[in-house]
1. Ignoring ligands, DNA and RNA, what percent of the accessible area of the chain is carbon or sulfur (1.4 Å)?
2. Going from most exposed to least, what order do Trp111, Trp103 have by accessible area with a 1.4 Å probe?
3. Using +1 on the beta carbon of Lys and Arg, -1 on that of Asp and Glu, and nothing else charged, what's the dipole of the chain about the Cα centre, debye to 20?
4. Positive end of the charge dipole of the chain (Lys, Arg +1 and Asp, Glu -1 on Cβ, about the Cα centre): tell me which of Gln44, Tyr93, Gly55 has its Cα farthest that way.
5. How far apart, in nanometres, would the label points at Phe29 and Gln81 be if each is projected 7 angstrom from Cα along the Cα-to-Cβ direction?
6. Any idea of the accessible area per residue across the chain, 1.4 Å probe, to the nearest Å²?
Amino acid sequence: QVQAVESGGGLVQAGGSLRLSCAASGSIFTINDMGWYRQAPGKQRELVARISSGGSTNYGESVKGRFTISRDNAKDTVDLQMNSLKPEDTAVYYCNIQAQEAWGTRFKDYWGQGTQVTVSS
């Protein structure tokens with residue numbers, strides 16, 4: 001089994017910054033994409049940012065130019081640097097990892113438990 005553990009959420013004023021981190025552990029053979037999603041109350045979970053094993057990135061429209069995703073393949077970690085935060089960024093942020101537990105098996109999606117980010121106006 002693969003675990004994804006997030007850290008770094010909290011309360012920040014509008015215009016401020018936060019950095020989220022996620023570490024993957026467990027029975028990992030290889031990791032494909034890693035990413036961050038968020039879910040605000042009453043809304044569907046949405047993509048924040050994803051990064052491939054080769055470093056290609058994809059961002060949600062609302063965070064482009066403000067958030068930066070990065071990963072350390074040697075440590076199996078993925079970070080999300082969030083700058084110029086807005087109250088509408090308030091949500092629970094979830095780490096997502098696409099991992100293969102053994103050679104020849106299919107990639108599966110693994111999710112962290114979520115970390116709350118609250119941006120006050």
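The values are calculated or read from the model by the stated rules, or taken from the named source; none is laboratory data. Please read these numbers as outputs of a predicted model, since none were measured by experiment. Note that we place each Cβ from the backbone using ideal geometry, even for glycine, and neighbour counts take in every protein chain shown. To get the accessible areas, we keep the full protein, side chains included, count just its heavy atoms, and leave off ligands, DNA and RNA. Shrake-Rupley method; radii C 1.70, N 1.55, O 1.52, S 1.80 Å.
1. Values: 2960 of 6300 Å².
With neighbouring chains kept in place, the figure for the chain is 47 percent.
2. Working: Trp111 110, Trp103 205 Å².
The residues order as Trp103, Trp111, largest area first.
3. Working: 12 positive and 11 negative charges, 30 e Å.
The dipole of the chain has a size of about 140 debye.
4. The one lying farthest along the dipole's positive direction is Gln44.
5. With each label placed 7 Å out from Cα toward Cβ, I get 3.5 nm.
6. Working: 6300 Å² over 121 residues.
Accessible surface, normalised per residue, equals 52 Å².
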